[in-house]
Amino acid sequence: MSHDAVADADHSMRHWAGNEPGRIRIGSDAHKRLFCRMILDTHNPYKPAVIEWPALDADTLHRITSLPIWDIAVQTEGKAKLRVATYTNTIVDPLLREALTMDGDEEARHKVVLSKMVEAYGIALAPEPEYEVPKDPEWGWLVTGYSECIDSFFAFGLFESAKRTGYFPAELVETFEPVMQEEARHILFFANWVAWHRKQLPWWRRPAFELKVLRVWLFLIWERIGIAKGLDNNGEMQDANFTITGHQQIGLDLKIGELLELCLAQDSFRMGGYDERLLRPTFVPRMARLARRFMR
């Protein structure tokens, strides 16, 4: 792609307004068209195979390759790819299926990006585990979506902090920037899917769905507070804890309150370019604002 084409694709993935007229009722067909068209129309067609990974000086290379996150990152994207694809196979609606396919393909592309980077910089990885197909496809999709809502919120702040401090060189920041913005699109799509899906369920099925959502959150909280630490040898708990301890692991001198401020600002910034009628993920930012009240 030419420089202009890359710039146009980058702008298009960050700024989007739908063609649906007027106000949008949550749960309507217009709402479905809006959030599905968002993820389809804002797709950035970059190709991981042709990314030119920047040359790094010795100190920077050591700093990047010694981070304890690369196994975690590759495995996380591997699980996400399979979970999204498994749920997509259960969907009949052609537009929703197309949008979910795009979401899953982008998760798969993230894994390729990470794999290419690992190869380019000689990062040693542990053998990948065998990824298990979820027995309940909807459960797998919910775990992936809500996990990304948590992880992306903190990743936005950590990425920006590493950018400002120069921990990540500018060339590497530029390379990973589209991946970060894709995560913003994914959680925006997921938040609107959840709201739409709730409205589609008959009243007698909604309690079971809400119970499943609650179970998913309890499962994710269980991971992230480390209750199950030491029970899993496949890197799962490292994955769960990195969003909380990441600023320490990458050597950033940030207080938790400062990190939350930065995460909130970046979350708002990355969501700001999309149609205002789309719902934004709110639970994690709301919890962050609540926690911030108790921190100096």
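Annotations
- Pairs exceeding 19 Å between alpha-carbon atoms, taken from LYS111/LYS163; LYS32/LYS79; LYS116/LYS163; LYS79/LYS135; LYS81/LYS135: LYS111/LYS163; LYS32/LYS79; LYS116/LYS163.
- The stretch 257-296, Cα convex hull volume normalised per residue, Å³: 56
- Accessible area of the stretch 1-159 divided out per residue, in Å², using a probe of 1.4 angstrom: 49
- Computed helical MRE - 222 nm, the chain, DSSP H runs ≥ 4 contributing -39500 (n - 2.57), nearest 500: -23000 deg cm²/dmol
- Across the accessible surface of the chain, with the other protein chains kept in place and a 1.4 Å probe, carbon and sulfur atoms take up 56 percent.
- Prolate/oblate/rounded call for the stretch 1-95, Cα gyration tensor, a/c under 1.5 rounded: oblate
- FRET efficiency for the pair GLU171 and ARG206, taken as 1/(1 + (r/R0)^6) with r the Cβ-Cβ distance and R0 = 41 Å, rounds to 0.25.
- Shape analysis of the chain based on the Cα gyration tensor places the equivalent ellipsoid semi-axes at 29, 23, 20 Å, largest first.
- Here the Debye sum runs over all C-alpha atoms of the stretch 61-133 as equal scatterers in vacuum, and log10 of I(q)/I(0) at q = 0.20, 0.25 Å⁻¹ comes out as -0.82, -1.07.
- Per DSSP, loop GluC sites (Glu not before Pro) in the stretch 66-141 with at most 13 further Cβ within 10 Å: GLU130, GLU132
- By average C-beta atoms within 10 angstrom, highest first, the peptides 123-129, 258-264: 258-264, 123-129
- For the stretch 128-169, applying the loop criterion from DSSP together with a ceiling of 12 other beta carbons within 10 Å to the trypsin sites (Lys or Arg not before Pro) yields LYS135.
- With both labels modelled 7 Å from their Cα along Cα-to-Cβ, the ASP4 to SER268 distance reads 3.6 nm.
- Three-way shape call for the stretch 1-159 based on the alpha-carbon gyration tensor, with the a/c threshold at 1.5: oblate
- Label point distance in nm, ILE91-ASN19, each placed 7 Å from Cα along Cα→Cβ: 2.0
- By accessible area with a 1.4 Å probe, ligands and nucleic acids excluded, highest first: order of ILE69, ILE256: ILE256, ILE69
- Taking all protein chains as shown and a probe of 1.4 angstrom, MET287 keeps an accessible surface of around 80 Å².
- Annotation for the stretch 1-94: trypsin sites (Lys or Arg not before Pro) lying in DSSP loop with at most 13 further Cβ atoms inside 10 Å of their Cβ are ARG23, ARG25.
- Nitroxide proxy distance, nm - points 7 Å out along Cα→Cβ at LEU61 and HIS43: 3.6
- Averaging the Cα positions of each part gives two centres, and for the stretch 33-68 and the stretch 160-221 these lie 18 Å apart.
- Extended-chain gain in nm, criterion 0.36 nm per residue less alpha-carbon gap, GLU258 and ALA195: 19.6 nm
- Considering every alpha-carbon pair of the stretch 103-197, the percent of pairs per 10 Å bin, from zero through the bin containing the longest distance, is 13, 38, 36, 12, 1.
The values are calculated or read from the model by the stated rules, or taken from the named source; none is laboratory data. This is a predicted model, so every value here is computed, not measured. In this analysis, Cβ positions are derived from the backbone assuming ideal geometry, glycine residues included, and neighbour counts consider all displayed protein chains. We work out accessible area using only protein heavy atoms, side chains counted, and drop any ligands, DNA or RNA first. Shrake-Rupley method; radii C 1.70, N 1.55, O 1.52, S 1.80 Å.
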